[in-house]
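Worksheet for the structure shown next.
The values are calculated or read from the model by the stated rules, or taken from the named source; none is laboratory data. Since we're looking at a predicted model, the values are computed, not measured. Note: ideal-geometry Cβ built from the backbone for every residue, glycine included; neighbour counts use all protein chains shown. Just the protein is used for accessible areas: all its heavy atoms, side chains included, with ligands, DNA and RNA removed. Shrake-Rupley method; radii C 1.70, N 1.55, O 1.52, S 1.80 Å.
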Amino acid sequence: GAVVSQHPSRVICKSGTSVKIECRSLDFQATTMFWYRQFPKKSLMLMATSNEGSKATYEQGVEKDKFLINHASLTLSTLTVTSAHPEDSSFYICSARDSFMNTEAFFGQGTRLTVV
Amino acid sequence: GEDVEQSLFLSVREGDSSVINCTYTDSSSTYLYWYKQEPGAGLQLLTYIFSNMDMKQDQRLTVLLNKKDKHLSLRIADTQTGDSAIYFCASGTASKLTFGTGTRLQVTL
């Protein structure tokens, strides 16, 4: 199946710094990518929908200035957690949907963010 | 908002069948999905079913959909220790998925 690569898989950062997470579709073009956050023993919460060449659409309650999303090409979307706080520590997962196939979205392996 | 519910835990013996259940509220869902998540990993799509289908079988996996009751189930035949993971069902469209809380499947010897 299609491959979505997410980098880094783990990152530890200090409070107040910013962290960038990359999501790449390796063998297909993705006009739309999705960013999720997963809390321990909880489901995935959709944070935002990233559209290539335009602004991301954020879900209610998600601070767009804190979670900056850039989708500059058909194969890359980035999520930057700005001024990170310990409560931002979580598992972040991206998914990408093939521009030509509408049946499924492929998920990256996730990024474990720890803010100390 | 839309809601998807699953039981949190299921324990089965190796070789038995596992049945993981899911209910959803979004009647406009186009597709319903089952994902598998192993510890520390992302989500792996196992299978999906189009909303106008009742059943889909793929090797050891059987998906049953009762659209009237908005009930989805995943049956894993001959469950193996490698099937131990968290299983998420998700409903929605290609544009937006709503995930359940996940069912942790434990396979015992």
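For A:VAL62, are the conditions met, namely being open to solvent by 30 Å² or more (accessible area, probe 1.4 Å), more than 10 Å from the chain's Cα centre (by Cα) and either within 27 Å of B:SER29 (Cα to Cα) or within 13 Å of chain B (Cβ to nearest Cβ) (or both)?
no
Residues in segment A:28-36: is at least one modelled with pLDDT of 90 or more, under 11 Å from A:LEU76 (Cα atoms), surrounded by fewer than 17 Cβ atoms within 10 Å (Cβ to Cβ) and away from chain B (no Cβ under 13 Å)?
Within segment A:28-36, none of the residues are modelled with pLDDT of 90 or more, under 11 Å from A:LEU76 (Cα atoms), surrounded by fewer than 17 Cβ atoms within 10 Å (Cβ to Cβ) and away from chain B (no Cβ under 13 Å).
Run down A:ARG37, A:ARG24 and say which single residue is under 17 Å from A:PRO86 (Cβ atoms), part of a strand (DSSP E or B) and not hydrophobic (A, V, I, L, M, F, W, C).
None of the other options fit; the residue is A:ARG37.
Could you list all residues from segment B:40-93 that are β-branched (Val, Ile, Thr), more than 10 Å from every other protein chain (Cβ to nearest Cβ) and open to solvent by 10 Å² or more (accessible area, probe 1.4 Å)?
If the condition is that a residue be β-branched (Val, Ile, Thr), more than 10 Å from every other protein chain (Cβ to nearest Cβ) and open to solvent by 10 Å² or more (accessible area, probe 1.4 Å), then B:THR62, B:THR81 are the ones that fit.
Could you check B:CYS22 against (1) assigned to a loop (DSSP other than H, G, I, E, B); (2) touching a strand residue (DSSP E or B) at 6+ places or on another chain (Cβ under 7 Å); (3) of a type outside the set (Val, Ile, Thr) and say which number it fails?
The failed condition is (1).
Considering (1) open to solvent by 20 Å² or more (accessible area, probe 1.4 Å); (2) closer than 24 Å to B:PHE88 by Cβ, say which one A:GLY110 fails and leave the rest.
All conditions pass for A:GLY110, except number (1).
Give the residues of segment A:40-55 that are farther than 18 Å from A:THR80 by Cα and in a strand (DSSP E or B), sorted by residue number.
If the condition is that a residue be farther than 18 Å from A:THR80 by Cα and in a strand (DSSP E or B), then A:LEU44 is the only one that fits.
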